[in-house]
Amino acid sequence: MSIITLSAVQMADKLAAGEITSRELVQAHLDRIAEVDPKVNAFLHVNAEEALSVADEVDADRKAGKPLHRLAGVPIAVKDLIVTKGQPTTAGSKMLEGWVSPYDATVIEKIRAAKLPILGKTNLDEFAMGSSTEHSAYGPTRNPWDLDRIPGGSGGGSAAAVAAFEAPLALGTDTGGSIRQPGAVTGTVGAKPTYGGVSRYGAIAMASSLDQIGPVTRTVEDAALLQELIGGHDPKDSTSLPEALEGLAEAARTGGGGSLAGLRVGIVAELQGEGYQDGVEERFKEAVELLRGAGAEIVEVSCPNFVHALSAYYLIMPSEASSNLAKFDGVRYGQRRLPENPPVTIERVMSATRAHGFGPEVKRRIILGTYALSAGYYDAYYGSAQKVRTLIQRDFAAAFEKADVLVSPTAPTVAFELGSKLDDPLAMYLNDVATIPANMAGVPGISVPAGLSEGLPVGVQFLAPATEDARMYRAGAALEKLLEEKWGGPLLGKIQDLTAAPAGSAADAASNDAAGEH
């Protein structure tokens, strides 16, 4: 087995045992990026020189017997919405093209302190606005399972990099599902921590009350370890929780034992049925039966206000986005574009800059948000949406009285074809229907690969009460183990050979029966 296909924990164990060096590991991933990323377009910037330098430092420290973090020397990719000193941070937008941050986000400070080599910055929908990574100013990312299909969004670059074995770990941001939905459609693990569990300082804000940085990995234990590394209180983030969320990796290891005796798992009635593809529901039902067989008590729960979550989200999110993006005006932040004809006034510079720097989806959401916040409409739209948000939080509270964790499909469909929904924003927004409630309530969620439908990955989502992230890691790891026993190995072992596949080719659906293909 090639070292790039191992989990991050397996890589860490080989590094600790002296079987490989960090330089060898980083170089193998850089070679993989050079080989397949022209087809996938997961990376916007590759950070080879610094990554190799950090790898050499780790190797020297290990040889000298210095104490190191468990993941030291294991490379990582970073969504290009998270600022990194000395590297470009574009947010997938022309507005920030070429901008290099003078400081590190808090999560990057922690990554660097633990000496994880940063491979580079990954592609995303512009300013994280999208569900397909087609709204990047630098071209779409393609799904490694089928290069004609989307990798999810907004963090499709991070998910595709992990799925294509270009990086074993990645950081993403999740505002309405932008870690979990890409995880579902690429066969990777994506986790959204409890709101405030990981500092948002240095993540370019879209919707401040919804955004959350989190891990993108190949296994649940990898995600738990990475969240423990980047989590904890940060005085620079006013929404940061006062205490670190602990015991996540231990919960994943406990769940990896396969037993869920005593765990109550709630099936959310409103997150299934109409709008969910048959294959997605089949994989979900199979996963539920595996959980039942592992000793979990399966209960039905109803969250009636979840049906309003999508509508409320698409008022709150664009409202906050329009406010957060107001600073990108060519005067304070962002590129400056002068009007074609005189006079050159501040107002006309702002207009020319924003017209040139923002793409159509960003403009759409700014207009929606500005309208919702305007005089005479605030109470009718934004105020009403916040009331719905409170009702969703109450639904979660009631559901968690009956169940320890909730479970649902992560996304209603498998990955759709590139370009198929670009002209229908409402159809695009519906991809977030199962993931949005967690962001509205601030609770943690994780997507775990659950098999294949039509030769493409399906994800199952676990949700837990706020600050109880360990519960979702325990449940996710248990399901992961049960499914891998059924398949005879990880789901990503069935992915197409990208070195042989031409750009735009469909995935080879061979061996899908073992992963539940019908």
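See the values below:
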quantity	calculated
Sole exception among (1) part of a loop (DSSP other than H, G, I, E, B); (2) crowded, with 24+ Cβ neighbours inside 10 Å; (3) in contact with a strand residue (DSSP E or B) (Cβ under 9 Å, 6 or more places away or on another chain) for Ala160, by number	(1)
Any hit, segment 479-501, residues being outside any helix (DSSP H, G or I), within 22 Å of Leu271 (Cβ to Cβ), of a type in the set (A, V, I, L, M) and at pLDDT 95 or above	no
Residues located in segment 41-52, provided they are of a type in the set (A, V, I, L, M, F, W, C) and within 22 Å of Lys94 (Cβ to Cβ)	Ala42, Phe43, Leu44, Val46
Those residues of segment 38-82 which are buried (at least 24 other Cβ atoms within 10 Å of the Cβ) and among the β-branched types (Val, Ile, Thr), in sequence order	Val40, Val58, Val74, Ile76, Val78, Ile82
Cβ-Cβ under 8 Å pairs, at least 6 apart or on other chains, segment 380-394 side within 11 Å of Phe306 (Cα to Cα), far side crowded, with 18+ Cβ neighbours inside 10 Å and of a type in the set (Phe, Trp, Tyr)	Ile392/Phe306
Residue ID - farthest from Leu483 (Cα to Cα), chosen from residues in segment 273-289 that are part of a loop (DSSP other than H, G, I, E, B) and in contact (Cβ under 8 Å) with a residue 12 or more places away in the chain	Gly275
Residue within segment 316-331 that is under 20 Å from Pro409 (Cα atoms) and assigned to a helix (DSSP H, G or I) present	no
Top-ranked residue of segment 85-118 - restricted to ones that are outside any helix (DSSP H, G or I) and within 18 Å of the chain's Cα centre (by Cα), ranked as surrounded by the most Cβ atoms within 10 Å (Cβ to Cβ)	Gly92
Meets criteria (touching a strand residue (DSSP E or B) at 6+ places or on another chain (Cβ under 8 Å) and either of a type outside the set (Val, Ile, Thr) or free of Cβ contacts under 8 Å to residues at least 60 places away in the same chain (or both)) for Glu417	yes
Residues of segment 231-250 satisfying the condition of being in contact (Cβ under 8 Å) with a residue 40 or more places away in the chain and buried (at least 24 other Cβ atoms within 10 Å of the Cβ)	Leu248
Qualifying strands (runs of 3 or more DSSP E) (wholly inside segment 169-258; at least 1 residues being among the charged types (D, E, K, R))	189-192
Given (1) more than 29 Å from Pro444 (Cβ to Cβ); (2) surrounded by fewer than 21 Cβ atoms within 10 Å (Cβ to Cβ), number of the condition Lys387 does not satisfy	(1)
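The values are calculated or read from the model by the stated rules, or taken from the named source; none is laboratory data. Please read these numbers as outputs of a predicted model, since none were measured by experiment. Note that we place each Cβ from the backbone using ideal geometry, even for glycine, and neighbour counts take in every protein chain shown.
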